[in-house]
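A short worksheet on the structure shown next.
The values are calculated or read from the model by the stated rules, or taken from the named source; none is laboratory data. Remember, predicted model here, so these are calculated numbers, not experimental data. FYI the Cβ positions are ideal-geometry reconstructions off the backbone, even for glycines, and counts take in every protein chain you see. The protein model used for the area step is the full one, side chains on, heavy atoms only, and it has no ligands, DNA or RNA in it. Shrake-Rupley method; radii C 1.70, N 1.55, O 1.52, S 1.80 Å.
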Amino acid sequence: MSDKNNKIPFNEDNYTHNIERNNERKLDRRGFMKTLVGAAGVFAVSSLPWGAVAAKELMGLGEKEYPHKKITDVSKLPIGDAVEFKFPGDHDDAILIRLSDNKYVAYQNACTHLRCPVFWVKEQGEMICPCHHGKFDVKTGAPTAGPPRRPLPEIQVKVEKDAIYAVRVKRYEA
Amino acid sequence: MKRRYLGVIILAGILLMNIIFTQYMVHQYYYENYENVLIFGGLNIVLFPLAVFAYKKTINMRA
Ligand code: FES
């Protein structure tokens, strides 16, 4: 038995320092600093999944080809109208807009601010996010007003036998 | 007297950097700059041992 606990002042730098029945609501400087260190640990741990996914993308595993997906028939989409669809996954909202006879644009329409669904306003010729009035340029997907800073990811489409297909999601140019 | 708070100040600074790096990391992820995600994620991880070190160094500082 050592008598280190009998010393005065008592050396109380241990990992259960905050757990003390009499003063459990009291947070002293030492306890506060431990909380800060713990918070730094939480940040470190929560960085790991992002790093993992990024590493996976860097190694090219994320470059999957998705099966081409039929969006709609050309005859069902008048010029200036838009239709919503899902691509590439079942939960990835996207929008296809017919700008002219054979010019189509498609974007993943989760707003790049806080992921509200962006919709097409024909009269104004703009894509608008209802949540904080973000606006996007319909030709490029670039943000033109409001909080969003990142362009909407564009989806490549192709027309084949009077139907419109989603081919793949374009990458941002580096 | 003032020096007793040095540790708190350093740790608060570390936490501030944590927040900045995390914000950067998430944004770079959505911009598809995956190298930058790794850099900032790595910085975030390095900050933790640094925080432990700063704690140990300053905890017994007196006056
Ligand atoms: S979510 Fe679209 S502007 Fe905020």
Row for the stretch A:79-128, column shape: gyration tensor on C-alpha, a ≥ b ≥ c, rounded if a/c < 1.5 i.e. under 1.5, prolate if a/b over b/c, else oblate; value oblate
Can you give the net charge of the other residues whose Cβ lies under 10 Å from the Cβ of A:Asp73, counting K and R as +1 and D and E as -1? +2
Over every pair of different alpha-carbon atoms in the stretch A:65-169, take the mean of 1/r and invert it; report that Kirkwood radius in Å. 13.6 Å
On the principal axes of its Cα set, how long, how wide and how thick is the protein assembly as shown? Give whole Å, largest value first. 89, 36, 33
Tell me the total accessible area that B and A bury against each other, 1.4 angstrom probe, in square angstrom rounded to 100. 2900 Å²
Chain B shape via C-alpha gyration tensor axes, a/c threshold 1.5: prolate
Using a 1.4 angstrom probe, figure out how much accessible area the stretch A:65-169 has per residue, in square angstrom, rounded to the nearest whole. 54 Å²
Over what distance in Å are the Cα centres of the stretch B:1-51 and the stretch A:78-152 separated? 34 Å
Rounded to a whole number, what % of the accessible area of the protein assembly as shown do carbon and sulfur atoms account for, probe 1.4 Å? 57 percent
